[in-house]
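Have a look at the structure below, then the notes.
The values are calculated or read from the model by the stated rules, or taken from the named source; none is laboratory data. As the structure is a prediction and not an experimental result, all values here were calculated from the model. Please note: Cβ atoms are built from the backbone with ideal geometry, for glycine as well, and neighbour counts cover all protein chains shown.
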Ligand code: HEC
């Protein structure tokens, strides 16, 4: 694909920044030239080498009753998929890659929380195993099976408060629908600060007259009729709350999305007597008449907790989309100037079916630096949470640039009709291009403290810097001057 070439040249800009050797992640093109650590291909076996990888990186979805279309637990189950596994894992960050983690390894920040991507060594082992005939190996080498939590369990543990939306229904066949779906009182009698929120869709097929549905409805995709839902806490009377009373932007719920953990110092207020208002849901039909609701699981900070930092949601949005049919490598940019010093905690590319890649750059004092690039597959909504010592620390005045890449050729299998022109819109067949970001705003003092901590934790000398911290290289003495003088 053409955008590969652009990616390489963009990569040079980012890597030209002084990066201490301990932090350098080799571009994978360079890594690929090194011999993998594993044994020669003839000795790679399922029981010894492959089963542990599948347990760790695949079976949370690929096991009986879970999300994925086939189980990858036993040798008998895995063997027929060997070629497909080699192909999908070898795609790395391209839209159909498995596991569905699309951060590009040769550009931008590389440290994330909950990174479940494969290492180069694991990818090489899988390829060697398949090329060597996909041998079973010695049954005695097989690791004990991995035990998983039930699908109904909460990933972050039992919530302190569960708020259910009203239930709603979608006919078997229907155009997409979007609109408000009501409100539910939280029932809270005291103010609490939210540490995390996890949303589960509880969907069941139902005939309009309440009769049991016929046939097997539990196919992939049969679990959800909600594509996404914008929601927010409101007052008991249903009025918007000011930001310091827990109003403002809360993370959008999207199908397949991981839970949100807020910065520990920037817990969100959920007010006594508030309700959750489900402002705008986007529903789609799945071939069976379905009734569903959304359960919101809140985990709270202990009573008495007070946040010391301010959470902020930012959208770097592109509204002027003019996407032609039958054309790869179309790109559109959007910009946002940061009004305050900001630590960016999470990057979530948001596009629709034609989207295949998104990049986020920070432009500061005439220098553009790529923070992250990720492949995009509209079948997968992913949020990438930066690791603590890697989250971008950007001075106010930084310009964020979000670049969405679109492919409307038949090579992008998500596009229903490659011939169509599309522009901005809500429907899946329309398009969007937004870098959805979560972060915290920092005062001058907090910003300097964060940078000092970063330099200490990473052991950087004056003059050295890392990706995503344009002021780090100035050294502690100069930072204070530059920070307060920046517009
Ligand atoms: C987060 C859940 C998840 C994880 C983790 C995951 N998969 Fe998948 N996988 C899916 C789903 C859902 C599909 C079907 C939709 C798609 O292709 O995107 C799929 C499809 C596939 C396919 C293609 C099947 C076909 O019909 O051609 C292969 C091969 C595959 N996965 C292998 C793997 C391997 C190997 C791993 C681990 C290295 C892995 N997956 C990790 C959910 C997952």
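One table, with the values for the structure above:
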{"item": "Residues of region 210-244 classified as more than 22 Å from residue 179 (Cα to Cα) and either assigned by TED's automatic domain parsing to the domain that holds residue 67 or modelled with pLDDT under 60 (or both), total", "result": "11"}
{"item": "Every residue from region 122-152 that is in a helix (DSSP H, G or I) and in contact (Cβ under 8 Å) with a residue 60 or more places away in the chain", "result": "122, 124, 125, 126, 128, 129, 131, 139, 140, 141"}
{"item": "Index of the failed condition, residue 128 passing every other in (1) under 28 Å from the mean Cα position of the chain (by Cα); (2) buried (at least 16 other Cβ atoms within 10 Å of the Cβ)", "result": "(1)"}
{"item": "Enumeration of residues in region 64-108 that are free of Cβ contacts under 8 Å to residues at least 12 places away in the same chain, more than 9 Å from the ligand (Cβ to nearest atom) and within 23 Å of the chain's Cα centre (by Cα)", "result": "91"}
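Residues checked against (1) modelled with pLDDT of 95 or more; (2) more than 30 Å from residue 203 (Cβ to Cβ); (3) not in a strand (DSSP E or B):
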site: 299; (1), (2), (3): yes, no, no
site: 314; (1), (2), (3): no, yes, no
site: 347; (1), (2), (3): yes, no, no
site: 358; (1), (2), (3): yes, no, no
site: 372; (1), (2), (3): yes, yes, no
site: 397; (1), (2), (3): yes, yes, yes
